[in-house]
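Okay, so here's the structure we're looking at.
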Amino acid sequence: QVQLVESGGGVVQAGGSLRLSCTASGNMVCITFMAWHRQAPGKEREWVGHIRSVGDTEHFGNDTYYTDTVKGRFAISRDDAKNILYLQMNSLKPEDTAVYYCQAVRFCSGYMAQDREEYWGKGTLVNVSS
């Protein structure tokens with residue numbers, strides 16, 4: 001019902017910047033938040049940050065959250081008109097090397113836990129060289 005396609009990954013040197021995009025399509029009703037996750041080789045998938053929608057609307061404001069390791073360096077934003085989620089990554093470190101995944105979660109007011117829906121993109125690789 002929701003399709004997510006990431007783009008923008010690539011190879012960058014430490015200290016550089018990269019902007020990832022996640023284009024969403026489909027039914028965006030009650031998408032509670034959209035998030036970025038990443039998974040480095042041999043490690044568990046890690047939550048990077050997310051942006052919350054306003055109530056059950058399709059409007060995403062500036063209510064963002066980040067894991068401590070990226071706070072101050074990464075910024076999540078969303079173009080509501082185009083349904084594009086962005087991850088601006090600055091001051092990149094080799095530790096940021098990972099496949100980055102886009103996630104959308106649908107959880108309308110009044111939903112039971114079993115009604116929760118989550119969607120994932122296929123990921124885009126970010127390789128930060130030292």
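Assorted remarks:
- Dipole moment magnitude, nearest 20 debye, the chain about Cα centre, only Lys, Arg, Asp, Glu C-beta charged: 320 debye
- Two-decimal ratio, the chain, of alpha-carbon radius of gyration to 2.2 N^0.38 Å: 1.04
- Counted residue by residue at 0.36 nm each, then reduced by the alpha carbon distance between them, the extension gain from Ala113 to Glu46 reaches 21.9 nm.
- Reach of Lys82 by Cα under 27 Å, taken over lysines that are not fewer than 8 positions away in the same chain: Lys71, Lys122
- If the Kirkwood radius is taken over C-alpha pairs of segment 55-130, then at 20 °C and 1.002 mPa s the Stokes-Einstein diffusion coefficient equals 147 µm²/s.
- Gain upon complete extension [Lys122, Lys82; 0.36 nm per residue less C-alpha separation]: 12.4 nm
Laboratory data are not the source of any read-out in this text; all were calculated from the coordinates shown. Owing to the predicted nature of the structure, the values given are computational and were not obtained by experimental measurement. Quick reminder, even Gly has a Cβ in these numbers, built from the backbone with ideal geometry, and neighbours come from all protein chains shown.
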